[in-house]
């Protein structure tokens, strides 16, 4: 089974299948109109009954129950309309890079071929797609036969047959002109005629065009068209459950039979190997637990004028998560991300439920030998800064399993320090202490130790010294370390260390570790006055279900890139050998593209018995209007 | 007969074209290669149509330098240095060599970089390395004494030679030794005592926070004896005495000879004496000396043409400039480091040995591969078009393509057998691939290794 599935999804086969899909759909659609008046048999000979039966069935009813991957674009016409009529289209077409691409040799060749096909049938390709694939394009990969099948549902079965004949006539004529044998071999199964061309097979079943790479796979489809008793994908409970879990009217959606892939051993490497990197475990450990147990997974794509949204989903049961990975979803899977604190000019905010102490202590079960060796060394080194305390249990374990990471653009005018040539965003980690009274002094002392260490190392490397300051700010305490300035000459076009003023802050039970004093101060304000609008819940209507939420503000990212435009232009000149004007144009294009977007977000949620990962990219208002 | 058998006066007299040594595209190509970094077809045509002395003067003096373009390259250097990464700075300098409007200045700056070798691998501060590079460029054509004085205060140099501190109770002899041996006089032209006394003169010359500082408390104000002269000398006075030694001018003239005329054999003292004398008479001003060398009979004679092995930098930049193209200079910097000439990363305080040391079985293969990679990476940037379009603008047959390319890239005429092979390459397959293969094939020729 494993080798069979590997064979089905091998890159070569995927390329072949994609090639068939594209060639079949484009030629079929392009050739269709001229033959629209053809009044030929809908199906071939004895296949009439089967074709008639197929007409009333869905793609899932034609595919076997052993289908491990299914994908559908139910309304290709709508997708074409959305893409061609999208407000971004004109903006893309106005880009220099786009104009250069459409003048490239490859594009011109492609366009010429398309124009020939369109001229032959007297209809534009987009119109042909909408007319002839209006009822959907479907893909299935069958585990049993190692075959893939594409089903295209035409709105008119007669036109489909006519196109098929025209297509085959064209191929045969071309072969004859080149002095080659008839490239199309006709075969028949249960009265349905199928055609072998190269490595592929094609058949029409009423309104369905079927393309496959395996006769056995094609036969399974014909069997299901002919016989209602055959087991079908549509009759499979997992598939029905998957279909029901997908939201309304996705642009496209897909289903994967994870249980079959797992039993075939295809996921063995992903699920079996331990990582040597604790961060990887923190990022995907819980997802791997789900993948090791869930029966299936779905992905749905939604595209409209405002945003592109991809939602991946799978059944989930907290009991699937072994004890060492409890750090990920929390006990009984009820862990939730904290409310996000949002300082001004936040470029990226990540809130997540992760028990850092838990993962540190469970590391021997989660990491490989190399990872554990590294962790032991880190544990030992870090304990030095914390007065010999055990880092995992006594330090990380003193925090709630909640974590926020913030990256924010710096306002150098307000820092009073040097302005670096390369302007990096401030970074901060926000944690919540279980016992603030006990912990804050220990953490403050540890910070002082670290600053002392940095001063010694920095001094050896010619860096200026860090000067420690403590200030009370509203209800918070901010302990910062700022680089001492030698003279005014360092204040502009300064070195990269001017991006940093390591700071820790305590406000309530929040503990903040920040790369700059500025972002720490803003986070203290946000934690003190959450109603001021600087603290939000990540736009989530059900915060408790959110395990992880990542949000990127494109406007701030744009500003960050713009702050470093000179550097980006310089890198472009050196790496691409461009003159300055051309490099500026390329970087300008990148900044233009970023400005089209409002934000991007990634959310991992656990609604009831599911695990859901949603990626959304939202366009800026200015870009989503014509 | 070698150049050492030539009459010095005749050798350094102004070049007069003759039937056997005409002023033509080949002679102009030789001039551009040696004094700058190669030239494209149009530049060669223009140069061949002018008087050689005028071309030499304009080139050596940088009369066609574009101030705005130079300023842009300077600004780019500041931006790149801000990354703090000397490797990125190497990419910037290569970019500058490709795009400069004063190639002779960059070639001289490269000479001084090798002469006063300082490595970013040790200094690790790109701004200090950039400042040194600018200092070399600023003084490149000027008076050598001022250059040595500037070098003696240069933080990158002092850090490189572990001379960031030099106290009177314990004078640091490192820098003093290099001033004598490598920078000004050469071996056997000084004594250990001279080194010790020079080190005393430099006491109190320090680097603090990346800046030069004279610490008068640490300066030895006592009397020193240098080359038989006695006095309370400081560093600048010591440099003046050192450069006053007869060996100094010969040493610099000899190094310039190797850089601009021929790798070997070593020139006899009599041959370079006119150049040394010119240095002495002109206060060690470098520009006029280079101009005289570049405009001499010897420079255009068979004793100089094709008598140097191209350094990796010359190999790459000559090719790129000749084909009017550019490349990813970050990657080029890495490639050149592998071939033995990482700019900003000389191997040691002696700089690059040059000459035959550029070639061994490994670097020969690497140099050929570099030629291929440069034309393949350059995509469609050859004079803003394809390589095929550039070649076919100047040549309408495989034979002419080979001859045109040889005229641009090679210092010696092609051997018949080599030409025949190249014509076959140029005639084979798709035009675009054929010309790329042709350049790559040229890159494998022994003639291509000569500059």
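The values are calculated or read from the model by the stated rules, or taken from the named source; none is laboratory data. As the structure is a computational prediction, the values presented were derived from the model and not from experiment. Glycine gets a Cβ as well: all are built from the backbone with ideal geometry, and neighbour counts include every protein chain shown.
Matching residues to (1) within 12 Å of another protein chain (Cβ to nearest Cβ); (2) over 29 Å from residue A:549 (Cβ atoms); (3) not in a helix (DSSP H, G or I):
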{"position": "A:404", "(1), (2), (3)": "no, no, yes"}
{"position": "A:407", "(1), (2), (3)": "no, no, yes"}
{"position": "A:428", "(1), (2), (3)": "no, no, yes"}
{"position": "A:441", "(1), (2), (3)": "no, yes, no"}
{"position": "A:447", "(1), (2), (3)": "no, no, no"}
{"position": "A:455", "(1), (2), (3)": "no, yes, no"}
{"position": "A:469", "(1), (2), (3)": "no, yes, yes"}
{"position": "A:472", "(1), (2), (3)": "no, yes, yes"}
Those residues of the range A:374-430 which are more than 20 Å from residue A:496 (Cα to Cα), surrounded by 19 or more Cβ atoms within 10 Å (Cβ to Cβ) and out of contact with any helix residue (DSSP H, G or I) (no Cβ under 8 Å at 6 or more places or on another chain), in sequence order: A:402, A:404
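Between A:555, A:583, A:616, which is farther than 28 Å from residue B:374 by Cα and assigned to a helix (DSSP H, G or I)?
Testing whether each residue is farther than 28 Å from residue B:374 by Cα and assigned to a helix (DSSP H, G or I) leaves just A:555.
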Within the range B:351-365, take every residue that is out of contact with any helix residue (DSSP H, G or I) (no Cβ under 6 Å at 6 or more places or on another chain) and in contact (Cβ under 8 Å) with a residue 12 or more places away in the chain and give me the one that is farthest from residue B:160 (Cα to Cα). B:364
Any chance the range B:321-338 includes a residue that's on the phi < 0 side of the Ramachandran plot, surrounded by 22 or more Cβ atoms within 10 Å (Cβ to Cβ), more than 14 Å from chain A (Cβ to nearest Cβ) and not in a helix (DSSP H, G or I)? no
Scan the range A:546-563 and give yes if some residue there is within 14 Å of chain B (Cβ to nearest Cβ) and under 30 Å from residue B:80 (Cα atoms), otherwise no. yes
Within the range B:57-69, identify whether any single residue is buried (at least 24 other Cβ atoms within 10 Å of the Cβ) and in contact (Cβ under 8 Å) with a residue 40 or more places away in the chain, and answer yes or no. yes
Count - residues of the range A:259-300 that are at pLDDT below 95, part of a loop (DSSP other than H, G, I, E, B) and surrounded by 18 or more Cβ atoms within 10 Å (Cβ to Cβ): 2
Of everything in the range B:107-131, what is over 18 Å from residue B:175 (Cβ atoms) and crowded, with 23+ Cβ neighbours inside 10 Å? Give them in sequence order. B:107, B:108, B:109, B:110, B:120, B:126, B:130
For the range A:475-491, state whether one or more residues are at pLDDT 90 or above and within 14 Å of chain B (Cβ to nearest Cβ). no
Flag for residue A:588 being over 23 Å from the mean Cα position of the chain (by Cα), without any contact (Cβ under 8 Å) to a residue 24 or more places away in the chain and more than 14 Å from chain B (Cβ to nearest Cβ): yes
Odd one out for residue B:16 among (1) part of a helix (DSSP H, G or I); (2) more than 14 Å from chain A (Cβ to nearest Cβ); (3) touching a residue at least 60 places away in the same chain (Cβ under 8 Å): (1)
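Here is a check on your reading of the model: is residue A:577 more than 14 Å from chain B (Cβ to nearest Cβ), without any contact (Cβ under 8 Å) to a residue 12 or more places away in the chain and farther than 30 Å from residue A:292 by Cα?
no
Does residue A:324 fit the bill of being touching a residue at least 40 places away in the same chain (Cβ under 8 Å), under 17 Å from residue A:404 (Cα atoms) and not in a strand (DSSP E or B)?
When the stated conditions are applied, residue A:324 does not pass them.
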Might you check whether a residue that is farther than 27 Å from residue B:304 by Cα, outside any helix (DSSP H, G or I) and within 14 Å of another protein chain (Cβ to nearest Cβ) occurs anywhere in the range B:408-429? no
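When the range A:152-170 is examined, which residues are found to be in a helix (DSSP H, G or I) and more than 14 Å from residue A:211 (Cβ to Cβ)?
Across the range A:152-170, the qualifying residues are A:157, A:158, A:159, A:161, A:162, A:165, A:166, A:169, A:170.
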Mind listing whichever residues of the range A:88-123 are in a loop (DSSP other than H, G, I, E, B) and in contact with a helix residue (DSSP H, G or I) (Cβ under 7 Å, 6 or more places away or on another chain)? A:95, A:122, A:123
Would you mind stating whether residue A:358 is more than 14 Å from chain B (Cβ to nearest Cβ) and over 29 Å from the mean Cα position of the chain (by Cα)? no
Residue ranges of helices (runs of 4 or more DSSP H) in the range B:46-144 with at least 2 members within 11 Å of chain A (Cβ to nearest Cβ) and either at pLDDT 95 or above or touching a helix residue (DSSP H, G or I) at 6+ places or on another chain (Cβ under 7 Å) (or both): B:67-81, B:86-99, B:126-139
State yes or no: is residue A:126 over 28 Å from residue A:253 (Cα atoms), in contact with a helix residue (DSSP H, G or I) (Cβ under 9 Å, 6 or more places away or on another chain) and in contact (Cβ under 8 Å) with a residue 40 or more places away in the chain? no
If residue B:220 passes every condition in (1) within 14 Å of chain A (Cβ to nearest Cβ); (2) surrounded by 21 or more Cβ atoms within 10 Å (Cβ to Cβ) but one, which one does it miss? (1)
